[in-house]
Each structure stands twice: as structure tokens, then as C-alpha cells.
Amino acid sequence: MRTGFVGSCVVGEGVRQRSRVVCSASEDASVALSRRELLKSAAAGIAAAVAAGSALPDSAIAADVSSIPKGKWSRVNLPFEGTLFGKLYFAGTILGLPSHPLVPSDELGCSNPYYVLFVHLGKELTIAFYLSDLSFIPQEPSHGWLIGTKGSVFETIDYGQTWMPRSFQNLDPEEEINYRFQEISFNGSEGWVIGKPSILLHTRDGGKSWERVSLSPKLPGDPCSITALGRESAEMTTTAGAVYVTTNSGLNWKAQVKETIDATLNRTVSSGVTGASYFTGSIISVLRDSLGAYIAVSSRGNFYLTWKPGQEFWVPHGRDSSKRIQGMGFVNDDVNKGIWMSLRGGDLVFSEPNPDILKGELDFKKVNLKSGGYGILDVAFRPGTDEVWASVGGGQLFVSYDGGKTWSFDKQLGKVGALLYKIIFVSKDVGFALGANGVLLRYSAA
């Protein structure tokens, strides 16, 4: 998934059309003033209120203007005031600007207060972020951590019903806001975080304190996934296809594969793997199952690769469709139960159980998910059940109650209004959907 800025709204490949701009001002005011003038007027009004010592209305800082019906999935309100974004209200030092108020996000037609507008001297600077991953401590199932872009970090101690803003002690605010934290993993009290620009953080006490682990400048590629394995142990992959394991808290790393994906493709490109000759040197969507097997998709979506413990090299696989790969994963987090693949245009296919990931091409069968042409961003299986959820472009969730054979749109939830990049079930009864503009949905079993 690639995201980018078009005008004032964040868009992605799963979005069909540009978001509609909505103004909260009256119809007469909208006619009289341009949108920029409305924003300036709002900013001036808030600044005057602050100068007079008045409190800002809730809608200006932390109001959640979304209207998602309550049900199995519900919106979680992330606290705004304690984050780096909220602190921008008090001082613009992070951006090198003087203090200035934040304009309510609904001026842009966006439903979350984290999508804020910083108005300064008539210039608009849009700050948007998305949530990327979360992990709960197995021995403390109520205790978890949530991370995202723009240095966003949150902690929960009540199974994810409420979250508190946090920051890593060894990163100052000016540095932290530039990081895009990508993955977090806990095993016992040992936890690991990776992000971009390349950074690796480690905790031994469930997140009470964090230390930065040095990464070698000779590391092939950037860290793209991390899995906590136990006491002082973790497994890390890079965008070049390297797989490393540490057993001493990151002081030393042992390679698990003999060569990078570039080198593997140089040996195998003549074997006819479709798209391998267009390999750009990096991989995306690196996923690990509970047994240690990996799936990686090339950055162009031309082909994919698999690896499992004991193999010396990645095995490249050509796709059996003219459509490019958008995402892949494991059925019930187990390669022996099958693999799913989403393709551009909204197609979803499943492999048979016990796929032979050592052979060149795997057989997939298309399932009947009518996404209307929207891309399928993620698929997650609710543990211990036949319930499967799929995140579809346009802020939609689809559900299957028969293991993925038939699908239906979740009408009770409706359209969220933001792309949902990842669905994670931390148990049979609790799950989360992470999305753009700071959107977080929580699944609670009926």
C-alpha cells in the first residue's frame, strides 16, 4: 500500500475517488468566504480565545465527529491532548514555528481530530498519520502497546478500551515525530519496535523503559519486521530479504539465509518467474506465521517469495494472474492451513491447505468477495472460529462466517471514512482494525 498527498486529503490505492471537502460553516458563510478564509477566520478566533484565557471548545481539540454505529466493531477514541500533535497547540517548536492554534479537522471533511491543520502566516501544513501495529503482553493480556507514524505511541491496560499517549525516553520530541514506527512485538516482558528511518528499540520490562539498539551500517536493507522470541531473543527481517536472529538483546545477530533476494533472483530469473527481472531490490508485506515461515511480496507486486526455517534461500514464486499482488498472508497464522492473496481490482484467492512452498507456483482459487473494484488491504482470521474479516478500500469491512467461502459487507459498521490497513485479533474475543487518520476500531465478541 502506498499512500500520498493529493490536495489536502490522504489517499491510497484502495481509494476510488478523492475525499469530498466539507465545511462546517453555514451555507451563507461558505458563499461569502473561500475555504482558506474560513480556516484563517477560525484560527484567528481560537487564537483570540487563547489570548483571553478562555478554554478551547472540545470540538477544536479532541472531538470525535465520527458516527459509527455501536456493535461488534466500535471506534476507540485516542487521546489527543497528550500527544505530540496536541502539544503543537501549546508550542510549534517541533516545526520551528511560534505557537499557534489548530483548526478543527472537519473543515477538511476528515472524521478524526488527528488530521489537523496548522495555519501559520496564511500557509497550510497538513499533518496526517496512520496506525501501523499493536501488540499485547501475553502474560498481561490487558496490557498492550500501539504505534504509528509521526512518532505516535500509545499504551493500554484495559484490553484496548482506552489508550494513553506515551513516548520513548531516549528519543527527544523533535526526533521522535520524524519516525514512522512500523512493527511491535512482545513475548513475555520482552518487547521490540522497528521503524523508519532505521531504528530498533528494546524493552525488558513490558515497556516501562526502552533502549535503542544499534544497527550496523552494513545491514542489507532496512528492518521491515521484528518478532520477539523470548528472553533477549528476536528475529528480524530486512527489505533485502535478510533474516537475522539475536539471543543477546541485539548485541549480535546471526544470519538465517545465505544470500539476499537480489542474489537469489540472479540465479533463478532464467527459471521463468514472472516479473522477477523487474525486481527493484526491496520487498513489502513481510509476514511471519506462528511456525516461523515467511511470505514476502516484491515492491512492485510482480511476484512473491517464501521462506521457512532450515532453508538456505528464499524461494520465488510467480503469480498466476495478470493482476499484481496487493497483499498476502497465512490462514489462521499457519502456513499448513493455507495462504491467502489479494490482487489489484479487489480479487481474493486462497490456496489449498498444506501448500508446498518449495515449488515454483502455488495453486489458488478465487473466493466470492464482491468489493466493487476496491482493493483488499488485509485479511484476518478470528481464532477458534470460522469467522474471517477483510479490510477493503473505501473504509469498509467484509465478513465471512464459513471460513472465507461467502462474504458480506458489514452493514452495522458501515463505511468508516478512512482506509483500514491492518486487522489484528489478539484473542478470540478481542480484535483491532488500524487505519489512516488515527482511526482505531475495536472488535468485541457478542
remark   = The whole-number value in µm²/s of the Stokes-Einstein translational diffusion coefficient for region 124-258, with Rh from the Kirkwood sum over alpha carbon pairs at 20 °C and 1.002 mPa s, is 141
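What does the accessible area per residue of region 124-258 come to in Å², with a 1.4 Å probe and no ligands, DNA or RNA counted?
Working: 5620 Å² over 135 residues.
Computed with neighbouring chains in place, this is 42 Å² per residue.
Given that compact globular proteins tend to follow 2.2 N^0.38 Å, what is the ratio of the alpha-carbon Rg of region 135-203 to that value?
Computed over Cα atoms of region 135-203, the ratio equals 1.07.
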task = Please give the direction-averaged projected area of the C-alpha convex hull for region 318-377, in square nanometres with one decimal.
result = 4.0
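The values are calculated or read from the model by the stated rules, or taken from the named source; none is laboratory data. Predicted model only: the values in this text are computed from it and were never measured. Ligands, DNA and RNA are excluded from the accessible area calculation, which covers all protein heavy atoms including side chains. Shrake-Rupley method; radii C 1.70, N 1.55, O 1.52, S 1.80 Å.
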